[in-house]
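Reviewing the structure listed below.
Each reported figure results from applying straightforward, stated rules to the coordinates on display, with no laboratory input. What you see is a predicted model, and the numbers here were worked out from it, not measured in a lab. Reconstructed Cβ throughout: ideal geometry from the backbone, glycine too, with neighbour counts over all protein chains shown.
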Amino acid sequence: MSRRIALSVAAGVVVVGGAGAFAVAHAGEQPPALAHSTARYTAPDAGDGDRAGALTFVTDVTASSGVNSVKVLAWPQDSPFAKKGLTAKDMAGVEEAVCKPAGGHTVRCTYTAPVTRADAESSPRGLWHVSVLATAKDGTTTLDTEAADFTVR
């Protein structure tokens, strides 16, 4: 093999190896991924019963560095968020879901909010969205402004 070919092969190995190292490093910086997001709204008992209602949201979150927090916000379709868009800054002060290990780098997060009869009576009727801000331990974030929907009747 000529010296020129040997140097070209060696340079190619260095370039491919460097690209592979970059890909591995880049893969570690991927933002959290959400999957299997569902929302369930149950209205409180409208009669004389004492059954409270609830909004329950569940999602799986995967992040190679681990999940630091998952914040959840439910909002009606006719809110200002529908017009101006929801941002990570809007999500800063909202409540967090409770997350438990689900295998590998994945956690299953559940958010439950009680719904009283007064809450149900004062809530806008129609379509609602659930927004999620997931933050990984490496600081990367994912904002899904419509991770799941539910209807208030």
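If the cut-off is a Cα-Cα distance under 16 Å, which aspartates and glutamates reach LYS84, setting aside same-chain residues fewer than 8 apart in sequence?
Candidates past the 8-residue exclusion: ASP144, GLU146.
Can you give the percent of C-alpha pairs in the stretch 42-116 whose distance is more than 18 Å?
Of the Cα pairs, 56 percent sit more than 18 Å apart.
Starting from the Cα-Cα distance between LYS100 and ALA52, subtract it from 0.36 nm times their residue separation and give me the gain in nm to one decimal.
14.8 nm
Say each of ASP119 and SER65 gets a label point 7 Å from the Cα, pointing the same way as Cα to Cβ; how far apart are those two points in nm?
My value for the distance between the label points is 3.3 nm.
Which of the lysines could be linked to LYS83 by a straight reach, that is with a Cα gap under 22 Å, when you skip same-chain ones fewer than 8 residues away?
Result set, ordered by chain and number: LYS71.
Which value in nm describes the separation of the simple spin-label points at ASP149 and LYS84, placed 7 Å from the Cα toward the beta carbon?
2.4
Assign one of three labels to the stretch 76-119, namely rounded, prolate or oblate, based on the Cα gyration tensor with a ≥ b ≥ c the square roots of its eigenvalues; rounded applies when a/c is under 1.5, prolate when it is not and a/b is larger than b/c, and oblate otherwise.
Oblate is the answer for the stretch 76-119, as a/c is 1.5 or above yet b/c matches or exceeds a/b.
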